Amino acid sequence: MTAHKLHGALGGGLLTRTDFRLPELATADLSGRTVTEVVAHGKHILLRTNDGLTMHSHLMMDGSWTASRNGKRLFGSSHPAHHLRVVLETAEVIAQGHRIHDVRIVSTTRESELVGHLGPDLLGSDWDSSVAATRLLSTPDRMIGPALLDQRNLAGIGNLYKCELLFLRGVSPWATVGSVPNIPAMTDLAYRLLRTNRDRWEQVTTGNNRPGQQTWVYERGSKPCRRCGTPIRRADQHEPDKGRLGDPHARSTYWCPHCQPGPSP
Ligand SMILES: [Zn+2]
């Protein structure tokens, strides 16, 4: 979690020197300001200062941050100098953004204009379960499976969590959002699952981290359901109006037809 590490390195620090190696920010200078916090919103990184500014950046596929304290590397690996985009220094820490994208400095009150199209981030400091539930419920006719993967509803759920969450809530991935009994309980559970796993490599939803025991249904096609013994089913799920191609949420979906009754393909 880059934002988490950057916060550890720069949070509370007074910026003594900044350098923006981007034409549009060539004259920008954040020195003299204190970094109050660094937070992630999806893949957006927001660095906030004590006088109400936010420096926004995005890692895309190739960007990264490194930091060192008193010359000792805190995190990140070395990069060629021409990848350097942003340097932020405090008395002890030098943080460097390499190949970071979409760097902008805006008033903190205008942050939402940059990231507002994303739903609440499950691992962010501003997670709000009720906002995520409201966004999901704004499309009641949509299938719940793809709706959970849509970052505009809530940011952070991948295909594994989608499958596991629906199993744990006893909901068919093909059910419509409007037919799911308790959407707030779904977003609360998503939060608990992601928080539990945030600091480990494996994604475990069963509470059992032995190999082959870590998930209820994900990648267990045709194996017996751990609860009822019914063979787990697998099918590609895509939304009817989008078609197989061009649908970013078309993924292999795993479910137990007995524990998750309702529509199926
Ligand atoms: Zn079952």
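The values are calculated or read from the model by the stated rules, or taken from the named source; none is laboratory data. Only a predicted model underlies this, so the values are computations on that prediction, with no experimental measurement involved. All Cβ positions, even for glycine, are placed from backbone atoms using ideal geometry, and neighbour counts span all protein chains on display. Remember, those area values only see protein heavy atoms, side chains included, never the ligands or the DNA or RNA. Shrake-Rupley method; radii C 1.70, N 1.55, O 1.52, S 1.80 Å.
General remarks:
- Single residue of the stretch 51-70 satisfying the filter (in a strand (DSSP E or B) and among the small types (Gly, Ala, Ser)) that is farthest from residue 27 (Cα to Cα): 68
- Screening the candidates 18, 54 for the property of being within 30 Å of residue 157 (Cβ to Cβ) and touching a strand residue (DSSP E or B) at 6+ places or on another chain (Cβ under 8 Å) yields one hit, 54.
- Yes/no for residue 188 being acidic (Asp, Glu) and without any contact (Cβ under 8 Å) to a residue 24 or more places away in the chain: no
- Some residue of the stretch 219-241 being in contact (Cβ under 8 Å) with a residue 12 or more places away in the chain and under 30 Å from residue 4 (Cβ atoms): yes
- The set of residues from the stretch 76-92 being in a loop (DSSP other than H, G, I, E, B) and small (Gly, Ala, Ser) comprises 76, 77, 78, 91.
- Filter pass, residue 73 being outside any loop (DSSP other than H, G, I, E, B), at pLDDT below 95 and over 17 Å from residue 11 (Cβ atoms): yes
- Helices (runs of 4 or more DSSP H) enclosed by the stretch 98-196 - at least 2 residues per element that are open to solvent by 30 Å² or more (accessible area, probe 1.4 Å): 111-115, 129-137
- Tally of residues being open to solvent by 30 Å² or more (accessible area, probe 1.4 Å) and either modelled with pLDDT under 75 or within 10 Å of the ligand (Cβ to nearest atom) (or both) across the stretch 234-250: 7
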